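The values are calculated or read from the model by the stated rules, or taken from the named source; none is laboratory data. All figures in this text were calculated on a predicted structure; none of them were measured in a lab. Don't worry about glycine lacking a Cβ; one is built from the backbone with ideal geometry, like all the others, and counts go over all protein chains shown. These area figures cover heavy atoms from the full protein model, side chains too; ligands, DNA and RNA do not enter into them. Shrake-Rupley method; radii C 1.70, N 1.55, O 1.52, S 1.80 Å.
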Amino acid sequence: MSDPLRLADIYAARRRIAPFVRRTPLKLSGPLSRHSGADVWLKLETTHDTGAFKIRGATNRLAQLSAEERERGVVTVSTGNHGRAVALAAQRLGVRAVVCMSELVPENKIDAIRDLGAEVRIVGRSQDDAEVEADRLAAGEGMIKVHPFDHPDIIAGQGTIGLELLEDLGRVDTLLCGLSGGGLIAGIALALKSANPSTRVVGVSMERGPAMIDSVRAGKPVPVEELPTLADSLGGGIGLDNAWTFELVRELVDDYLLLSEEQIADGMRHLYWQERLVAEGGGAVPVSAILHGLAGRLSGNVVCVISGGNVDMQRFTGIVTDDGQGKGVEQ
Ligand SMILES: *Cc1c(COP(=O)(O)O)cnc(C)c1O
């Protein structure tokens, strides 16, 4: 790792993104508090304009581009929460953005990215083809490729969640958070542990393709087989050339949990029926962990980061109206 990331970088990120990114609400969950015996708080990252926290990191990254870099523009291949965040951050900051995607991407996802002001470039028949085109635009035309997690400006941006939690609660005893590439959990953990090193940080992934957890166990970044999962926003690898998040996660995350598809669905159902919230699988996993008693003995202030709400509503209603026997969860 080059220059280490510091708390001051997260404060700087907050000043930078404040004009563009809303502070999100924190809500006490009565049902989860009664269930666990702790004060369980839900950090509602579902309330961003893009429906997920990634607008924080993307805005912090794009806001630091030079005038000349802004001119050249940014490029990404994500059509999910990262792609939407880059598109909207670019629109708000007046930066040109190109999102490369394959012919297989459904029309509604293409429209969603276009509606946020980004150019869409359709190439090939796989995510890999889209990746090649993005690399070509970066190498050939000098466009800036914006990584979804493995960059200090992205991590610092996500860390602004931690500052908001400290202001709202003073002290966080346990943080539960979805874990994929690790930018989210590393940023928040850095902020929380700077204030109180004894804060326990728990990363939650799905059994079907937990790239970071496999890598931590292997002692180095390892490839992961991508499988369909309700927590699709937690899918994908951490990069075999991972430069930042692998080391930060190893240093800052205390425990790791793995969830089954049925457990993930239970979290989504709980949030919908008991808390009146629509969360995607990756956003519901902290709640699943508490419901199933996987997070150990809890006390004091426990925060669940409800990281996003971008879920196909047809699919969602199928999951939450399920009788709990697994129908609608099988893929
Ligand atoms: C990206 C994402 C995550 C995981 O963030 P990482 O920084 O990759 O660990 C969790 N939840 C949602 C909704 C996401 O979009």
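Pairs from the list Lys43/Lys109; Lys145/Lys193; Lys27/Lys145; Lys27/Lys54 with a Cα-Cα gap above 28 Å: Lys145/Lys193; Lys27/Lys145.
Placing unit charges on each Cβ (+1 for Lys and Arg, -1 for Asp and Glu) gives the chain a dipole about its Cα centre, and among Ser180, Met101, Thr59 the Cα reaching farthest toward its positive end belongs to Thr59. Heavy-atom surface analysis with a 1.4 Å probe gives segment 227-331 a carbon and sulfur content of 47 percent of its accessible area.
About the centre of its Cα atoms, the chain shows a dipole size close to 1060 debye [charges on the beta carbon of Lys, Arg (+1) and Asp, Glu (-1) only; nearest 20 debye]. With the largest listed first and rounded to whole Å, the semi-axes of the equivalent ellipsoid of segment 174-218 from the Cα gyration tensor are 21, 9, 9.
Net length available on complete extension from Ile110 to Met313 is 71.4 nm, with 0.36 nm assigned per residue and the Cα-Cα distance removed. Mark the label point 7 Å from the Cα of Ala12 along Cα→Cβ and return the residues of segment 136-166 whose backbone N is within less than 16 Å of it. Within reach of a label on Ala12, which here means backbone N under 16 Å from a point 7 Å along Cα→Cβ, segment 136-166 contributes 151-160.
For segment 47-182, with all protein chains in place and a probe radius of 1.4 Å, 46% of the accessible heavy-atom surface sits on carbon or sulfur. The residue list Gly235, Pro31, Gly209 was ranked by how far each Cα lies along the charge dipole of the chain toward its positive end, using unit charges on Cβ atoms, and Pro31 comes out on top. Every Cα-Cα pair in segment 195-331 was counted, and those over 18 Å apart are 56% of them. Would you tally the net charge around Ile10, using a Cβ to Cβ cut-off of less than 13 Å, leaving Ile10 out, and scoring K and R as +1, D and E as -1? Local charge sum for Ile10: +2. Evaluate 2.2 N^0.38 Å with N set to the residue count of segment 248-322, then give the Cα radius of gyration divided by it. Scaled against compact globular proteins, the figure is 1.15. Between Pro31, Pro286, Pro19, the GNM of the chain built on Cα springs shorter than 10 angstrom shows Pro19 fluctuating the most.
Sorted from greatest to least, the principal axis extents spanned by the alpha carbons of segment 230-280 come out as 41, 22, 18 Å. Among the trypsin sites (Lys or Arg not before Pro) within segment 257-315, those in coil by DSSP and having at most 13 neighbouring Cβ atoms inside 10 Å are Arg276, Arg297. Over the Cα atoms of segment 37-130, the radius of gyration divided by the Kirkwood radius equals 1.07; this is the Rg/Rh ratio. Calculated mean residue ellipticity, 222 nm, the chain: -13500 deg cm²/dmol, from DSSP H runs (n ≥ 4) at -39500 (n - 2.57) each, averaged per residue and rounded to 500. Kirkwood-type hydrodynamic radius, the chain: 19.8 Å, calculated from all non-identical alpha-carbon pairs. Using Cβ point charges alone (K and R +1, D and E -1), the dipole size of segment 75-158 about the Cα centre works out to roughly 260 debye.
Translational diffusion coefficient of segment 187-250 (Stokes-Einstein, Kirkwood radius from Cα pairs, 20 °C, 1.002 mPa s): 167 µm²/s. Which translational diffusion coefficient, to the nearest whole µm²/s, is obtained for segment 124-184 from the Stokes-Einstein equation, given a Kirkwood hydrodynamic radius over C-alpha pairs, 10 °C and 1.306 mPa s? D, rounded to a whole number, is 110 µm²/s. Scattering from segment 106-229 was approximated by placing one identical point on each alpha carbon and applying the Debye formula without solvent; log10 I(q)/I(0) at 0.23 1/Å stands at -1.28. Accessible area per residue was computed with a 1.4 Å probe on protein heavy atoms; Ser260 scores about 30 Å². Dividing the Cα radius of gyration of segment 85-124 by its Kirkwood radius returns 0.98 for Rg/Rh.
The Cα-based radius of gyration and maximum Cα-Cα distance (Dmax) for segment 15-80 are 17.0, 54 Å. Average accessible surface for segment 139-276: 36 Å² per residue, computed with a 1.4 Å probe over protein heavy atoms with every protein chain in place.
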